[in-house]
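Laboratory data are not the source of any read-out in this text; all were calculated from the coordinates shown. As the structure is a computational prediction, the values presented were derived from the model and not from experiment. A quick note on method: Cβ atoms are made from the backbone with ideal geometry, for glycine too, and the neighbour counts reach across all protein chains shown.
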Amino acid sequence: MELNLETDYADRAYTLLASLVTPRPIALVTTISADGRVNAAPFSFFNLLGANPPICAFAPGDREDGTPRDTARNVRSTHEFVVNLVDETIAEAMNQCAASLPFGENELTRAGLTAAPSSIVKPPRIAESPASLECVEWGTLQIGGNRVIIGLIKRLHVRGELFDLEKKRINTDKLFTIGRMASPHWYCKTRDRFEMKRPD
Ligand SMILES: Cc1cc2nc3c(=O)[nH]c(=O)nc-3n(C[C@H](O)[C@H](O)[C@H](O)COP(=O)(O)O)c2cc1C
């Protein structure tokens, strides 16, 4: 089947693509408004884009009325954010953070998550997350109703049991991040893993 996303299937683009490009990692992004109010929201249009320097990006889509989501609005005014990774233990809480609360209402408190101070950015990290990336906005691309927010990752916080200090490696056998599958309600666990060596 060939589907034209510019004509017949334009209004199905999101549903079709978000069901196919899977699994996607989830960023539970914390930001702070100009007057200091904390916001948290999940984004699965998210990935790590490079390591030298370390960069990541996520993409809040504008609301139906063309206004930016609270996260995008906060990044535009304060230029900082924290990407908190999501594992099985905070899956439910992450989902709670997707509720549309009035601007300035704190999703973290409602979801039973704890704000912990970040080191170099103002938005807090989430204490329960397996890992948090402190980011400074590098730039935001506005492509139609998408805002692609690119961040320079300045600090990495990792739950103690996940870090092998001697080898300076992540204990991936203890990391159980979840992935987003078909929108809106499907997810996957990442417990079924296999190794495949690259050819020389
Ligand atoms: C797992 C998950 C992933 C999501 N990914 C995105 C995304 O990539 N882009 C987006 O605009 N909304 C996404 N949403 C919806 C937003 O989280 C939701 O609209 C939220 O209320 C936005 O909050 P804010 O206005 O505080 O920024 C996602 C929701 C869930 C549950």
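The residues in region 87-98 that are of a type in the set (Asp, Glu) and either near the ligand (Cβ under 8 Å from one of its atoms) or assigned to a helix (DSSP H, G or I) (or both) can be counted, and the count is 2. Take the conditions (1) within 13 Å of the ligand (Cβ to nearest atom); (2) of a type in the set (Gly, Ala, Ser); (3) closer than 13 Å to VAL38 by Cβ; SER118 misses just one of them, which is (1).
Considering (1) crowded, with 19+ Cβ neighbours inside 10 Å; (2) assigned to a strand (DSSP E or B); (3) within 14 Å of the ligand (Cβ to nearest atom); (4) not hydrophobic (A, V, I, L, M, F, W, C), the lone condition that SER132 does not fulfil carries the number (3).
Answer yes if at least one residue in region 62-79 is in a strand (DSSP E or B) and touching a strand residue (DSSP E or B) at 6+ places or on another chain (Cβ under 6 Å), and no otherwise. Within region 62-79, none of the residues are in a strand (DSSP E or B) and touching a strand residue (DSSP E or B) at 6+ places or on another chain (Cβ under 6 Å).
Cβ-Cβ contacts under 7 Å between residues 6 or more apart (or on different chains), taken from a first residue in region 183-197 that is touching a residue at least 12 places away in the same chain (Cβ under 8 Å) to a second residue that is of a type in the set (Phe, Trp, Tyr), are listed as LYS189/PHE176; THR190/PHE176; ARG191/PHE176.
For every residue, the table says whether it meets (1) under 19 Å from MET94 (Cβ atoms); (2) loosely packed, with under 10 Cβ neighbours inside 10 Å.
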site	(1), (2)
LEU165	no, yes
ILE170	no, no
ILE178	yes, no
HIS185	yes, yes
MET196	no, yes
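Considering only residues that are in a strand (DSSP E or B) and either under 17 Å from the mean Cα position of the chain (by Cα) or under 18 Å from ARG69 (Cβ atoms) (or both), which ones fall in region 99-129? Those that are in a strand (DSSP E or B) and either under 17 Å from the mean Cα position of the chain (by Cα) or under 18 Å from ARG69 (Cβ atoms) (or both): ALA115, ARG125, ILE126. What do you reckon, is THR89 farther than 20 Å from LEU156 by Cβ and hydroxyl-bearing (Ser, Thr, Tyr)? Answer is no for this residue. Annotation: PHE58 fulfils all but one of (1) more than 10 Å from the ligand (Cβ to nearest atom); (2) buried (at least 17 other Cβ atoms within 10 Å of the Cβ); the unmet one is (1). Within 14 Å of the ligand (Cβ to nearest atom) and either farther than 30 Å from ARG191 by Cα or in contact with a Leu (Cβ under 7 Å, 6 or more places away or on another chain) (or both): is that true of ASP65 in this structure? Criteria met by ASP65.
Filtering region 1-36 to residues that are closer than 13 Å to ASN74 by Cβ and within 19 Å of the chain's Cα centre (by Cα) leaves VAL29, THR30, THR31, ILE32, SER33.
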